[in-house]
Structures are given as structure tokens and as C-alpha cells.
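Undergrad: Provided herewith is a single structure, encoded as C-alpha cells, for subsequent inquiry.
The values are calculated or read from the model by the stated rules, or taken from the named source; none is laboratory data. What you are looking at is a predicted structure, and each value in this text was computed from that prediction instead of being measured. With ideal geometry, Cβ positions are generated from the backbone for all residues, glycine too; neighbour counts draw on all protein chains shown.
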Amino acid sequence: MSGPEIKQAIQDAALRILLPLSRVLVEARVGIGEFHGLAKLAYVRAAVKGRRTGSRSRPNVSRIAAATGLTRPEITTYLSQPPGVLPPVQRGHSRAESVLAGWHEDPEFIDPDTGSPSTLKPKGARRSFSALVRRYSGDTSSAAILHELIRAGAARKLEDGRIKALRRTCANLKWDVDGIEALGEEVARYIKTLIHNLEHPEAPAYARHIEYGQLDAQAARVVLPEIEEHADLFLESTGITLRHPRHAAKSETARKEALKVAVSVHVYQAPAREAEESRSHTIRTATRVRKPKKASRRHTNGAGAG
């Protein structure tokens, strides 16, 4: 497979990974600017890790810039940040989140008596919801922002037509933080395993899946619980094997060389048509076609024409 074909395949795979992840980010109101910052940080970390060969030398900013396409000042900024901290994002926040932040922080839209966000009239040049949206969301319509805030439970419209803020964020607050952390850990482990197998086909880690695209929906009510029962038994016996005292690293030398082993089983299900459609969503990179230079007037009208 040629270089362009491999890059095309990687872009297609990245898009398929990003689609479900983006749904989570949008629901959590992580704006594209914040995601862009996360992507830059990930690129810098990946480049640093990929170029270190056991030495503790400082990362070469110029080499990282050449590999990632980031500027050297950007890379320096990301390298200087404490672990897990992103540089401030100036653009690309969720519009609804920006409006809520202004509603809670801008003195013009805060009740001076309570210190809480004022209940705003829908329209008006000052101290209105439309004025708030104009200031903190630019050209986005106030109706669209209001719909988003009400849908997220962050605001409501009162009987007299005024709009009241209910909470400071429109992110989904029903999610469990531990569950979100587990999501990141599980997905990262699985992707690392598959990447290892791409890079080391001669010594792959165990990764196997079974897929069937025409399971009857009624039969699934019986088959899936059976699969889950078998998986529980397998994982319980696997846990007993891994945690057996004779398998634990005991000496100091053994603990330094100890391995972290994780075995996971998950069952994915979706309508067969939906699964097939997701395979067709691929990227095609547009190529620039250079226009031929126009012939000069002297050459067009010269003796060689005709």
C-alpha cells in the first residue's frame, strides 16, 4: 500500500473514532476551540514520546514543529504547562457556554442585590437576553441560544416572557465523573493495543472480535444475555488467575519490571443498516489543480501562432 493510501486509511479510521467521541464532547459542551487545544497537546505529547530514546534530554522544539505542523511558540507553551493543564483558549468555546458565562460574570447582567444572574427580558438594546447573546455569541441568533439553554436545563422562560438562568453550565450533569474517566481509560487501552498490533505484526497482543450482521432482533433477547453470562464467567476466572499469589511480583527487581494487564470484554450492538452506513463515511482529500499560466499577449499574437 502506498504512502497516500495509508494516510487516507488513517484519516478514515480517525474520523470513525472521532464521530462517537465528538458526540460526547458536544453533549458536554466542549467547544471546537477547546478540542483543538486538546488535539495540539496530544500531538506535542505524542511527538515528545516518539522521539525520546530513554534519555532525559529536553524535547527538541524544532523537530516537534517539523513533525506536527505546530509553531515553535505553540509547542513551547504546551511544554511549559503543568500536566493536565491546557493553555487558555481564546476562541472556539461553545456559544451557549459563553453566553452562560457572561450571564453569571458580567455586571451588566447580574442582579446587584443578589449577585445572581438577572432575569432578562427577551429583547432590548440593554440588559436583555438578545443583548447578552450579541455580546457573548456574536452573530448566533438569540432564539437558537435560548433553545439550547432550555434543552439543557440551564435556563427557562417564565410566564411573563422573561428568561431566567438556572445553572452555570449546559453540560450534561447526569454523567458520572468516574464513568467518564473509565471511558477514557478503556478506549485508550483498546486503541493502544490495536496500534501495537499494526506496528508489531510479528508479535501482536491478543485482540479478537466476532461480528455477525444479521442477528434477529427477537433472538437477540435470548442470545445476548447468554453471551454476557459466558463473559462474566470468563472474566471471573481470568481475575482469579491474574491475582493468584504465586503470580505477584514480590522482589524489588520484579516490582520494577512488573506488568499491568487488563482484559476487557464488551458487546456492541446497532442496527445492521446503521453499521453499514458508518463504513461509507470516508474522507477524500481535495487536491489542488494548478491552472496553466496565461500566455503573454506578445506570444499569443506572435509569428508562431496559428
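Undergrad: With the structure loaded, tell me whether Arg162 is out of contact with any Lys or Arg (no Cβ under 7 Å at 6 or more places or on another chain) and farther than 18 Å from Gly33 by Cα or whether it fails that test. Spell out the reasoning first.
TA: Details: out of contact with any Lys or Arg (no Cβ under 7 Å at 6 or more places or on another chain): no; farther than 18 Å from Gly33 by Cα: yes.
In short, no.
Undergrad: Condition (residue is buried (at least 19 other Cβ atoms within 10 Å of the Cβ), over 20 Å from Arg29 (Cα atoms) and not small (Gly, Ala, Ser)) applied to the range 80-97: is it met by at least one residue?
TA: Checking the range 80-97: not a single residue is buried (at least 19 other Cβ atoms within 10 Å of the Cβ), over 20 Å from Arg29 (Cα atoms) and not small (Gly, Ala, Ser).
Undergrad: Within the set of pairs 6+ apart or on separate chains, which have a first residue in the range 1-16 that is farther than 15 Å from Glu199 by Cα, a second that is of a type outside the set (D, E, K, R) and in a helix (DSSP H, G or I), and C-beta atoms under 7 Å apart?
TA: As it stands, the answer is Arg16/Ser278, since those pairs meet every condition given.
Undergrad: So which residues in the range 143-184 are charged (D, E, K, R) and surrounded by fewer than 11 Cβ atoms within 10 Å (Cβ to Cβ)? Break it down into steps so the answer makes sense when it comes.
TA: First pass over the range 143-184, keeping only residues charged (D, E, K, R): 148, 151, 156-157, 159-160, 162, 164, 167-168, 174, 176, 178, 181.
The answer is Glu159, Asp160, Lys174, Asp176, Asp178, Glu181.
Undergrad: Ok, one more. Among the residues of the range 170-177, are any in a helix (DSSP H, G or I) and at pLDDT below 90?
TA: Of all residues in the range 170-177, those in a helix (DSSP H, G or I) come to 177.
Cutting the leftovers down to at pLDDT below 90 gives us 177.
Within the range 170-177 (the criterion being in a helix (DSSP H, G or I) and at pLDDT below 90), the answer is yes, since at least one residue qualifies.
Undergrad: May I ask you to list the residues in the range 191-221 that are in contact (Cβ under 8 Å) with a residue 12 or more places away in the chain and either in contact with a Gly (Cβ under 6 Å, 6 or more places away or on another chain) or polar (S, T, N, Q) (or both)?
TA: Scanning the range 191-221 gives Thr193, Gln214.
Undergrad: Pairs, please: C-beta under 8 Å, at least 6 apart or cross-chain, first residue among the charged types (D, E, K, R) and in the range 62-89, second modelled with pLDDT of 85 or more and surrounded by 12 or more Cβ atoms within 10 Å (Cβ to Cβ)?
TA: Between residues of the range 62-89 that are among the charged types (D, E, K, R) and residues that are modelled with pLDDT of 85 or more and surrounded by 12 or more Cβ atoms within 10 Å (Cβ to Cβ), the close pairs are Arg63/Ala47; Arg72/Val61; Arg72/Ala65; Glu74/Lys40.
Undergrad: Among the residues of the range 232-246, is any under 25 Å from Gln269 (Cβ atoms), under 26 Å from the mean Cα position of the chain (by Cα), surrounded by 10 or more Cβ atoms within 10 Å (Cβ to Cβ) and of a type in the set (S, T, N, Q)?
TA: no
Undergrad: Of the conditions (1) assigned to a helix (DSSP H, G or I); (2) on the phi > 0 side of the Ramachandran plot; (3) of a type outside the set (Phe, Trp, Tyr), Thr193 clears all except one; give me its number.
TA: Tallying (1) assigned to a helix (DSSP H, G or I); (2) on the phi > 0 side of the Ramachandran plot; (3) of a type outside the set (Phe, Trp, Tyr), Thr193 fails exactly one: (2).
Undergrad: Take the range 107-158 and flag every residue that is over 18 Å from His93 (Cβ atoms), in contact with a Leu (Cβ under 7 Å, 6 or more places away or on another chain), among the hydrophobic types (A, V, I, L, M, F, W, C) and not in a helix (DSSP H, G or I).
TA: The answer is Leu120, and nothing else.
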